Amino acid sequence: MQRIRAFETLADEAHKAGQVAGYIHLSIGQEAIAAAVGANLRDDDVLTSTHRGHGHTIAKGADPLAMFRELCGREGGICGGKGGSMHIADFSIGMLGANGVVAAGLPIAVGAAHAIALKGGDRIAVCFFGDGATNRGPFLEALNWAAAFRLPVLFVCEDNGYGATTRTGSVSAGGGPGARAESLGVPVTVVDGNDLAAVDAAAAAL
């Protein structure tokens, strides 16, 4: 958690100083989720992330220096300096990529999980997404496919109550992300994302 916070703080400073081109989306305040889930993953597990993916990438074991070079568009960056913040990836550690398109990581993770199921073994795919993604079609499609084929995928919804600048509850019908997942037969565990021990216990149980 401290490593993620330190990285994000420095990234923010570099962006404000003009050293990072374009947009960056920080995960300050959400470190416990990435750290606790990441601590329960094996090296051969894979994950997809959101446009706010620095913390997930660090928690999976990426080199922070190579990540920072990537943000600055420099040689030696984790993607050769060509992907930047919202498309950061490192296949060598199973990080299949952050994604600038809301909800786009969901079907990618499900595709990876289906590949794992076809090849056999006990690896899993993990998909981080925000509550704003639950109003997008790929959310329903991905959860339906995962449930229909009983795929080894863990969906992690980081629910901060907002989709961009809009309160998610004001534009979402029904009982929220958990209720939507349960309607598709996906088991749901709800925990306080700022409670490191609670997130760790939930991730370990799955």
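Annotations
- For the chain, hydrophobic long helices are taken as DSSP H runs at least 15 Å long by C-alpha position along their axis with mean Kyte-Doolittle hydropathy of -1.0 or more; these are 2-16, 105-119, 137-148.
- Accessible surface of residue 195 - all protein chains present, 1.4 Å probe, nearest 10 Å²: 60
- Label-point separation in nm, residue 196 to residue 16, each point 7 Å along Cα→Cβ: 2.5
- Relative packing of 110-116, 80-86, which averages over residues the other C-beta atoms within 10 Å, highest first: 110-116, 80-86
- For the range 61-147, the square roots of the Cα gyration tensor eigenvalues, ordered a ≥ b ≥ c, give a/c of at least 1.5 with a/b no greater than b/c, which places it in the oblate category.
- Nonlocal amide H pairs with residue 154, under 5 Å, H built at 1.01 Å: 125, 126, 127
- What a 1.4 Å probe finds exposed on the chain is 54% carbon and sulfur by accessible area, rounded to a whole percent.
- According to the Cα-based calculation, Rg over Rh for the range 49-95 is 0.91, with Rh computed by the Kirkwood formula.
- Per residue, the accessible area of the range 89-153 comes to 45 Å² when a 1.4 Å probe rolls over the protein heavy atoms.
- Under 5 Å between amide hydrogens, built in the peptide plane, is the criterion, and for residue 162 it picks out 168 among residues at least 5 positions away or on other chains.
- Neighbourhood net charge (13 Å Cβ-Cβ; Lys/Arg +1, Asp/Glu -1) for residue 131: +2
- If you take the Cα centroid of the range 1-67 and the Cα centroid of the range 110-163, the two points sit 20 Å apart.
- Karplus 3J(HN,Hα) series, Hz, for the range 161-168 with 6.51 cos²θ - 1.76 cosθ + 1.60 (x for Gly, Pro): x, 9, x, 6, 10, 10, 5, 4
- Global form of the range 118-206, assessed from the alpha-carbon gyration tensor, a/c cut-off 1.5: oblate
- Most mobile listed residue (76, 193, 100) in the chain, GNM with C-alpha springs under 10 Å: 76
- Simple spin-label estimate for residue 101 and residue 171 gives 1.8 nm between the two label positions (7 Å along the Cα-to-Cβ direction from each Cα).
- For residue 50, neighbours were defined as the other residues whose beta-carbon sits under 15 Å from its Cβ, and their charges (Lys and Arg +1, Asp and Glu -1) total -2.
- Principal axis extents of the Cα atoms in the range 105-156, from largest to smallest and rounded to whole angstrom, are 33, 18, 13.
- Amide H contacts for residue 60 (H built 1.01 Å from N in the peptide plane; partners 5 or more residues away or on another chain; cut-off under 5 Å): none found.
- 3J(HN,Hα) along the range 155-160: 8, 10, 8, 8, 8, 9 Hz, from the Karplus curve 6.51 cos²θ - 1.76 cosθ + 1.60 with θ = phi - 60°, whole Hz, x for Gly and Pro.
- When semi-axes √(5λ) of the Cα gyration tensor in Å is computed from the coordinates, the matching label among (1) 32, 23, 19; (2) 27, 23, 19; (3) 26, 20, 16 is (3).
- Cβ-based net charge around residue 187, under 15 Å, with every Lys or Arg adding one and every Asp or Glu removing one: +1
The values are calculated or read from the model by the stated rules, or taken from the named source; none is laboratory data. Just so we're clear, the structure is a prediction, and the values are computed from it rather than from any experiment. Using ideal geometry, Cβ is built from the backbone for each residue, glycine included, and neighbour counts are taken over all protein chains shown. The protein model used for the area step is the full one, side chains on, heavy atoms only, and it has no ligands, DNA or RNA in it. Shrake-Rupley method; radii C 1.70, N 1.55, O 1.52, S 1.80 Å.
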